[in-house]
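J.: Before I ask anything, here is the structure I am working with.
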Amino acid sequence: MLLSEAFANGESLRRYCLENGIPIYEAMMRREEKQSECSREQVLAEMQKNLDVMKESVYRGLNEKVESVSGLSGGEARRLFKYGKHNPFSGYTACRAAASAMAVVEVNASMGRIVAAPTAGASGILAGVLIESARQRGWSDETMVEGLFTAGAVGLLFAKNATISGAGGGCQAETGVAASMTAAALVEISGGAPVQALDAAAMAMKNVMGLICDPVAGLVECPCIKRNALGAVNAMLCADMALSGVTSLIPFDEVVAAMYAVGKDIRPEYRETARGGLATTPTGKAVAQRVRRMQGE
Amino acid sequence: MEDFSVFDIIGPRMTGPSSSHTAGAVRLSHIARQIAENDVAEAAFTLYGSFAETGRGHGTDKALIAGALGMEPDDADIKDAYRIARERGVLVSVEYSDEPPKHPNTARIRIIGSQGQVTDVIGESVGGGNILITEINGLDVEFSGEYPTLVIQHTDKPGVIAEVSHVLAQLSVNIAFMRVFRHGKGEDAYMTIETDQPVTQDMQRMITRLCSGINKLFAV
C-alpha cells in the first residue's frame with residue numbers, strides 16, 4: 001500500500017502499518033515529512049515545540065494563580081491536584097491527570113498559551129494525560145513526541161472523515177476526539193499494536209457519543225474545563241481496556257461514521273451556539289448577561 | 001482542508017481562549033497592520049455578530065489590539081494589549097455593534113497612521129483561527145492570509161495584470177490564487193495575489209518599478 005493511501009481511514013492505516021511493520025506514529029511522521037517537504041528532524045523539532053508549550057501550560061495551571069477573563073474559572077485544577085494525594089475515589093493517577101487536563105483549559109481561559117489538540121476547548125486532555133503519565137512512568141520527550149504523532153493520526157482521521165469542531169458536531173467532536181487521540185497515544189507508547197490503539201480510540205468515542213456543546217455565555221469554560229477532566233479519565237480507561245485485550249465490537253471507522261452522523265443530527269442549539277443545554281439554564285443565562293455587561297478592560 | 005497536516009490537529013500553539021474569537025482576531029488585525037504598512041498611531045475596532053456578543057469574555061478586544069501592535073496569535077502578552085498600547089502611545093478604541101453582519105465573527109478595523117492616513121479593513125474569523133479579509137478601504141476583496149499575499153492597488157487599465165504576473169513568473173514565484181476588484185471602470189482597483197513562495201522586499205520593489213499603473217503595493 002502507498003503512503004498516500006494510508007490515511008484514508010483507520011483500516012487502511014492499520015494495513016499500512018502491518019505491511020511495513022511500523023507503529024501508527026511512524027506512518028504519521030513519514031506522511032508529514034512527505035507532505036511538508038521537511039526532514040524528519042524538522043518535523044520532530046516542530047512537534048517538540050508543541051510539547052514544550054503543553055508542558056508549560058500544565059505547569060502554569062497547576063502552580064500559578066490563573067483566572068479567566070470573565071472571572072468564571074481558575075484555580076480548580078490546583079484544588080483537585082492537591083486533593084489527589086489523599087486517596088481519591090477516582091484514584092491518584094486519574095485524579096492528577098484530570099487536574100492536569102483542567103489546568104490547561106484554565107490557562108486557555110485566562111488568555112495563556114496552549115496547544116490546540118484538536119481544538120483549544122479540548123486542549124487539556126492530550127497534554128494533561130501525556131504529561132502526568134510521563135511524570136509517573138519516566139517517559140522521555142522522544143517517547144512523548146511519538147505519542148503526539150499517534151494522537152495526531154487519530155485526530156486526522158476524525159478531521160478527514162467526520163468533524164473536529166463543536167460547531168460542526170458538538171462536544172463529542174472536541175473532547176470526544178481528544179480522548180480518542182489520547183487513548184491511542186497511550187496504547188502505542190505502552191507497546192500496543194495499531195489495532196489496539198484504534199480500538200482504544202473507538203471505545204473512547206463510543207463512551208461520549210452524542211455529547212452536546214453548550215458553553216455557558218459562549219465561553220470556553222463551563223462545562224468545557226470539567227469535560228476535559230472527564231476526557232482525560234475516559235482516555236486512560238480506554239487505553240487500559242485495549243491493552244488488557246478488551247476489544248471494540250464496532251470498528252473504529254464505523255464509530256467515526258456514526259459519530260459524524262450523530263453530530264449532524266445534533267440540533268444547532270447544541271452546537272456551540274450557546275442557545276441550549278447548560279447555556280440556557282437560569283444560571284447560565286444570568287452568567288451570560290453578566291459577562292455581556294463587562295467592560296473591555 | 002482535505003490535506004490536513006499533523007500540525008493542524010496537534011496545534012496551533014496559541015493564546016487562548018478561542019481559536020476563532022482570539023487567535024483569528026489577532027490574525028485579522030495583524031494583517032490590517034501590514035496593509036497599513038506597519039504605521040499604527042491609532043486603531044479603532046468595531047465588533048459585529050458573535051464577536052460583539054461574546055467578544056468580551058473571549059478577549060477579542062485585546063486580541064484585535066495585540067494584532068494591530070504586531071503580535072502573533074501565540075504571543076503571551078496578548079492579554080496585556082491595552083497596557084502595551086498605552087506604553088507605546090497607540091490610541092485604541094473598541095465598539096460593540098448590534099448591526100447584523102454578513103458573517104457571525106466580523107470586525108471592522110480602522111488604522112490611522114502617523115501622517116493621518118486612514119486604512120479601513122473588514123475581515124471575518126471563519127473558524128479554527130482561519131480568517132478572510134473581505135474589504136480594504138471600501139473595496140471588496142477576498143484573501144485568507146494563509147499564503148504569502150500581495151495586495152496591489154492599481155489603476156484599472158489594460159496590461160497591468162499581465163505585467164505583474166509576467167514579473168512574478170520571471171522571479172519564479174508561482175501564483176496560487178489571483179483576484180481583481182475595482183470600484184468602476186477606469187477607477188481604483190485592487191488585485192490580491194496569493195503565492196506559493198514568499199515575495200521578498202527586493203521582489204516587491206522590482207514589481208513596483210517594472211509595472212506601470214501600480215499605486216501601492218504591500219505584502220501580507
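Readers should treat all values here as calculations from the given coordinates under stated rules, not as data from a laboratory. Nothing here was measured: the structure is a model prediction, and the numbers come from that model. Here the Cβ is made from the backbone with ideal geometry for all residues, glycine too, and neighbour counts use every protein chain on show.
J.: How would you order A:26-32, A:116-122 from highest to lowest mean count of nearby Cβ atoms within 10 Å?
T.: Order by mean packing, descending: A:116-122, A:26-32.
J.: To continue, here is another question. Per the protein assembly as shown: cysteines with no other Cys C-beta under 4.7 angstrom?
T.: A:Cys17, A:Cys38, A:Cys95, A:Cys222, A:Cys224, A:Cys238, B:Cys211, each lacking another Cys Cβ under 4.7 Å.
J.: If you take each beta carbon of peptide A:117-123 and count the beta carbons of other chains within 10 angstrom, what is the mean?
T.: 5
J.: Counting helices only, and only those DSSP H runs with n ≥ 4, report the 222 nm mean residue ellipticity of chain B as the sum of -39,500 (n - 2.57) divided by its residues, in deg cm²/dmol to the nearest 500.
T.: -8000 deg cm²/dmol
J.: On to the next question. Using Cα atoms only, what is the angle between the long axis of helix B:49-58 and the major principal axis of chain B, expressed in degrees (0 to 90) to the nearest 10?
T.: That works out to roughly 50 degrees.
J.: Considering every pair of different Cα atoms, what Kirkwood radius, in Å, is found for the protein assembly as shown?
T.: It works out to 23.8 Å.
J.: Next up: Mean Kyte-Doolittle hydropathy of 0.5 or higher plus an axial Cα length of 27 Å or more: which whole DSSP H helices in chain A meet both?
T.: Values: long enough: A:40-63 (34 Å, -0.74); A:141-161 (30 Å, 0.58); A:224-244 (30 Å, 0.85).
Membrane-span-like by this rule: A:141-161, A:224-244.
J.: Ratio of Rg to Rh for the stretch B:149-219, alpha carbon only, Kirkwood?
T.: Rg divided by Rh gives 0.93.
J.: If you line up the long axis of helix B:160-170 against the longest principal axis of chain B, both from Cα atoms, how many degrees apart are they, to the nearest 10?
T.: 90
J.: Across the residues of A:147-157, average count of Cβ atoms on other protein chains within 10 Å?
T.: Other-chain Cβ atoms within 10 Å of each residue's Cβ, averaged: 3.
J.: I would also like to ask the following. Using all C-alpha to C-alpha distances in the stretch A:125-272, build P(r) with 10 Å bins and read off the rounded percent in each one.
T.: With a bin width of 10 Å, the distribution comes to 14, 44, 32, 10, 1.
J.: Here's a follow-up. What's the Kirkwood radius of the stretch B:111-181 in Å, using all Cα pairs?
T.: Computed over the stretch B:111-181, the radius equals 14.3 Å.
J.: Among B:Ile133, B:Ala66, B:Leu47, which residue has its Cα positioned farthest towards the positive end of the charge dipole of the stretch B:6-137, with +1 placed on the Cβ of Lys and Arg, -1 on the Cβ of Asp and Glu, and the dipole taken about the Cα centre?
T.: In the stretch B:6-137, that residue is B:Ala66.
J.: Which percent of Cα pairs goes in each bin when the distances of chain A are cut into 10 angstrom slices starting at zero?
T.: Pairs per bin, as whole percents: 7, 29, 36, 21, 6, 1.
J.: Take every residue in peptide B:47-58, count the Cβ atoms of other chains within 10 Å of its Cβ, and give the average of those counts.
T.: Average neighbour count from other chains, rounded to a whole number: 5.
J.: How large is the Kirkwood hydrodynamic radius of the stretch A:215-297, in angstrom, based on all distinct alpha carbon pairs? Could the numbers behind the result be given before it?
T.: Values: mean 1/r = 0.0644 Å⁻¹.
Hydrodynamic radius (Kirkwood, Cα pairs) of the stretch A:215-297 is 15.5 Å.
J.: When you count, for each residue, the other Cβ atoms within 10 Å and take the mean per peptide, how do A:4-15, B:18-29 rank with the highest first? Can you show the working numbers first?
T.: Numbers: A:4-15: 18.2, B:18-29: 28.2.
Packing order, densest peptide first, comes out as B:18-29, A:4-15.
J.: A:Met1 to B:Ser165: FRET efficiency via 1/(1 + (r/R0)^6), r the Cβ-Cβ distance, R0 30 Å, to the nearest 0.05?
T.: Efficiency for this residue pair is about 0.15.
J.: Is there a quick way to get the dipole size of the protein assembly as shown? I mean about its Cα centre, with the Cβ of Lys and Arg at +1 and of Asp and Glu at -1; what is the value in debye to the nearest 20?
T.: Taking the Cα centre of the protein assembly as shown as origin, the dipole is about 1340 debye.
J.: Which order do the peptides B:209-218, A:247-256, B:178-187 take when ranked by the mean count of other beta-carbon atoms within 10 Å per residue, highest first? Before the final figure, lay out each step's value.
T.: Details: B:209-218: 15.1, A:247-256: 18.4, B:178-187: 12.6.
Taking the mean over residues of other Cβ atoms within 10 Å, the ranking is A:247-256, B:209-218, B:178-187.
J.: Can I ask one more? What does chain B give for Rg and for Dmax, in Å, if only its C-alpha atoms count?
T.: 17.5, 50
J.: Additional query: Let me check against my output: what whole-number percent is the relative contact order of the stretch A:7-293, with C-alpha pairs under 8 Å and at least 6 apart? Write out the running numbers ahead of the final one.
T.: Values: 541 pairs, mean separation 55.7, N = 287.
Once divided by the residue count of the stretch A:7-293, the mean separation gives 19 percent.
J.: What residue among A:Ala197, A:Ala101, A:Ala261 has the largest mean-square fluctuation in a Gaussian network model of chain A, using Cα springs under 10 Å?
T.: A:Ala261
J.: With +1 assigned to the C-beta of every Lys and Arg and -1 to the C-beta of every Asp and Glu, and no other charges, what is the dipole magnitude of chain A about the Cα centre in debye, to the nearest 20?
T.: Roughly 1100 debye, rounded to the nearest 20.
J.: Rg(Cα) of the stretch B:6-137 divided by 2.2 N^0.38 Å?
T.: Details: Rg = 13.5 Å, N = 132, 2.2 N^0.38 = 14.1 Å.
Dividing the Cα radius of gyration by 2.2 N^0.38 Å gives 0.96.
J.: Here's a follow-up. Could you tell me the relative contact order of the stretch B:6-137? Use alpha-carbon pairs under 8 Å, at least six residues apart, and round to a whole percent.
T.: 34
J.: Turning to a different aspect of this structure: Can you give the charge dipole size of the stretch B:6-137 about its Cα centre, rounded to the nearest 20 debye, using +1 on the beta carbon of Lys and Arg and -1 on the beta carbon of Asp and Glu?
T.: 180
J.: A further question follows. On a 0 to 90 degree scale, rounded to 10, what angle separates helix B:201-210 from the longest Cα axis of chain B?
T.: The angle comes out at about 40 degrees.
J.: For chain B, what's the relative contact order in percent, using C-alpha pairs closer than 8 Å and at least 6 residues apart?
T.: About 20 percent, as a whole number.
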